[in-house]
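As structure tokens, the structure follows; a few thoughts come after it.
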Amino acid sequence: MPKRMRKRSTPAPEGHLLFQGGGLFMSHTVCVFSDESGVFDKGRNKYFVFGGLILDAGKEEVSKVSSLYTNMENHMRCKSEYANLGELKANLLSFQDRRRIFATLVPFNKFGVVIQLDALLEKIFTSKKSKQRFQDYAYKIGLKMLSKN
């Protein structure tokens, strides 16, 4: 049973998420694999998306997912339609291959963050730093919301 801790105003160390529940704060080390899709620019896209997996940081689960991914990618690259692709992008994969990937990932914690770009304040797009700050904020909030569930 974790002991009761006072609320911390400083962020958790890198690689740690703080889970709050019933006045208890528990530190849990996790490994996050994520990727983004789209360009964070109102003129080019309507949405910007983050997605990924959250794993217990134990080597066993990370190794299992890494092995599954490598086997899946090697199997797909054997198909002639994907042989010349540098990176396997979801929009280039067949429906059956996308379905296979999602079916493989069912037992793992997944997350996604969708940002509707035209709903954001114009000042967010004024500089690279403000864009990056907002992306970091959205990523952080997405992970925090997942930790509450």
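The values are calculated or read from the model by the stated rules, or taken from the named source; none is laboratory data. The shown structure was predicted, so the numbers you read here are calculated from the model rather than taken from an experiment. As a convention, Cβ positions derive from the backbone with ideal geometry for all residues, glycine included, and neighbour counts pool all protein chains shown.
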Check your understanding: In the set A57, A90, A119, which member is more than 19 Å from the chain's Cα centre (by Cα) and of a type outside the set (F, W, Y)?
Key -> A119
Exercise for review: Report yes if some residue within the range 53-73 is of a type outside the set (F, W, Y), closer than 23 Å to Q132 by Cβ and surrounded by 13 or more Cβ atoms within 10 Å (Cβ to Cβ); otherwise report no.
Suggested key: yes
Check your understanding: Hey, any hits in the range 28-37 for a residue that's at pLDDT below 80 and more than 30 Å from K128 (Cβ to Cβ)?
Key -> yes
Practice item. Give just the number: which of (1) of a type in the set (D, E); (2) exposed (fewer than 15 other Cβ atoms within 10 Å of the Cβ); (3) assigned to a helix (DSSP H, G or I) does D41 not satisfy? Key: (3)
